[in-house]
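Heads up, the thing below is written out as structure tokens.
The values are calculated or read from the model by the stated rules, or taken from the named source; none is laboratory data. The structure displayed is predicted, hence computed values, not measured ones. When we count neighbours, we look across all protein chains shown, and the Cβ atoms used for this are built from the backbone with ideal geometry, even at glycine.
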Amino acid sequence: MDQATNDALLDACSSGKLDDVRSLLAEGADPNCKNGDGRTGLMRASKRGYDEIVKRLIEAGADVRARDKNNDTALMGAAKHGHNYICKLLLDAGCDANAHDNNGRTALMRAAFQGESGVVETLVEAGAELDAIDNKGRTALMESVTAFKVDVIHYLLSKGADINMRDVEGCTCLMRASYGGYTDLAIYLLNRGADKDVKDNSGRTALDYVRDKGNEELISLLK
């Protein structure tokens, strides 16, 4: 099939034109064709939430494990944007729930940072590693704490995420909550077993991370 037809398929996947996708595939367009960045039509449709197009591409043999130049997958795009149904379609079709991109980030980390609790649950149920780390040593739980996504934090901890893991700088979830001034969250983390005496690589504890020195309640908790 000529490149123009494949390019038309990529465009149709990006713009949500289901009828065009069907016609182009029927004409022989390659369901695994890529653009210059290595992105496939499945990646584009998954990111944008076009579930019927995703279904059709999978039926046509689209590779759900394909990677672009950044090692991103279709699942990562769907997870980041909260398209839970598409995540389920991709996982059922064999997409790797634990794939890492060039920065070491997984679909779970992306969904956790965005607070996409439904997607987080879907990924965990599909076998996503709770304590997988990216290139900076950060976990999905750390991402949800940084972004103050409380529902995701509660869920990940209920599933056994390690509350005291340290990133490459030695920073913990409690330190992140303390830096953000999230007093209620710090209380919750302490009640769930967060260790306030852990030190980062510079010898600082969670107490040293409190930016607002007027936050007497938080400072008292961490002393």
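Does A93 count as touching a helix residue (DSSP H, G or I) at 6+ places or on another chain (Cβ under 7 Å), crowded, with 21+ Cβ neighbours inside 10 Å and touching a residue at least 12 places away in the same chain (Cβ under 8 Å)?
no
Kindly provide the set of residues from segment 212-223 that are surrounded by 15 or more Cβ atoms within 10 Å (Cβ to Cβ) and without any contact (Cβ under 8 Å) to a residue 40 or more places away in the chain, ordered by number. Walk me through it before giving the result.
First pass over segment 212-223, keeping only residues surrounded by 15 or more Cβ atoms within 10 Å (Cβ to Cβ): 215, 218-219, 221-222.
Within segment 212-223, N215, I219, L221 qualify.
Cβ-Cβ distances below 6 Å connect the following pairs, each with a first residue in segment 63-74 that is closer than 10 Å to D96 by Cα, a second residue that is of a type in the set (G, A, S) and in a loop (DSSP other than H, G, I, E, B), and a separation of six or more residues or different chains: V64/A93; V64/G94; T73/A99.
Every condition in (1) in a helix (DSSP H, G or I); (2) closer than 23 Å to T205 by Cα; (3) touching a His at 6+ places or on another chain (Cβ under 8 Å) holds for D134 except the one numbered (1). Only residues that are in a helix (DSSP H, G or I) and either within 18 Å of V119 (Cβ to Cβ) or modelled with pLDDT under 95 (or both): list them for segment 144-174, please. Answer for segment 144-174, where residues must be in a helix (DSSP H, G or I) and either within 18 Å of V119 (Cβ to Cβ) or modelled with pLDDT under 95 (or both): S144, V145, T146, V150, D151, V152, I153, H154, Y155, L156, L157, S158.
Examine segment 63-86 for a residue that is over 30 Å from M175 (Cβ atoms) and among the aromatic types (F, W, Y), and state whether such a residue exists. The answer is yes; a qualifying residue exists. Among the residues of segment 183-211, the one identified as acidic (D, E), touching a residue at least 12 places away in the same chain (Cβ under 8 Å) and either exposed (fewer than 15 other Cβ atoms within 10 Å of the Cβ) or in a helix (DSSP H, G or I) (or both) is D195.
This table checks each residue for (1) of a type in the set (A, V, I, L, M); (2) at pLDDT 95 or above; (3) on the phi < 0 side of the Ramachandran plot.
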{"residue": "L10", "(1), (2), (3)": "yes, yes, yes"}
{"residue": "G16", "(1), (2), (3)": "no, yes, no"}
{"residue": "D19", "(1), (2), (3)": "no, yes, yes"}
{"residue": "L42", "(1), (2), (3)": "yes, yes, yes"}
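Given the structure, is A177 closer than 30 Å to A78 by Cα and assigned to a loop (DSSP other than H, G, I, E, B)? Break it down into steps so the answer makes sense when it comes.
On the way: closer than 30 Å to A78 by Cα: yes; assigned to a loop (DSSP other than H, G, I, E, B): no.
So A177 does not fit the description; no.
Residue check: is T146 buried (at least 22 other Cβ atoms within 10 Å of the Cβ) and of a type in the set (V, I, T)? Against the criterion (buried (at least 22 other Cβ atoms within 10 Å of the Cβ) and of a type in the set (V, I, T)), T146 does not qualify. One residue alone among D7, D20 is acidic (D, E), surrounded by fewer than 21 Cβ atoms within 10 Å (Cβ to Cβ) and more than 26 Å from D101 (Cβ to Cβ), and that residue is D20.
In this structure, is L141 part of a loop (DSSP other than H, G, I, E, B), out of contact with any Ser or Thr (no Cβ under 7 Å at 6 or more places or on another chain), among the aliphatic types (A, V, I, L, M) and more than 30 Å from G61 (Cβ to Cβ)? Give the derivation first.
On the way: part of a loop (DSSP other than H, G, I, E, B): no; out of contact with any Ser or Thr (no Cβ under 7 Å at 6 or more places or on another chain): yes; among the aliphatic types (A, V, I, L, M): yes; more than 30 Å from G61 (Cβ to Cβ): yes.
Criteria not met by L141.
Evaluate segment 114-127: report whether one residue or more is in contact (Cβ under 8 Å) with a residue 12 or more places away in the chain, part of a loop (DSSP other than H, G, I, E, B), within 11 Å of the chain's Cα centre (by Cα) and under 23 Å from S158 (Cα atoms).
So the first thing to find is which residues in segment 114-127 are in contact (Cβ under 8 Å) with a residue 12 or more places away in the chain, and the list is 114-124, 126-127.
Now narrow it down to the ones that are part of a loop (DSSP other than H, G, I, E, B): 115-116, 126-127.
Still in the list and also within 11 Å of the chain's Cα centre (by Cα): 115-116.
Of the ones still in play, those that are also under 23 Å from S158 (Cα atoms) are 115-116.
Yes, segment 114-127 has at least one match.
Is it the case, given these coordinates, that S15 is among the small types (G, A, S) and surrounded by fewer than 16 Cβ atoms within 10 Å (Cβ to Cβ)? Yes. Taking the condition within 17 Å of T5 (Cα to Cα) and surrounded by 24 or more Cβ atoms within 10 Å (Cβ to Cβ), does A62 pass? Against the criterion (within 17 Å of T5 (Cα to Cα) and surrounded by 24 or more Cβ atoms within 10 Å (Cβ to Cβ)), A62 qualifies. Restricting attention to segment 65-81, the residues that are farther than 24 Å from L24 by Cα and surrounded by 17 or more Cβ atoms within 10 Å (Cβ to Cβ) total 5.
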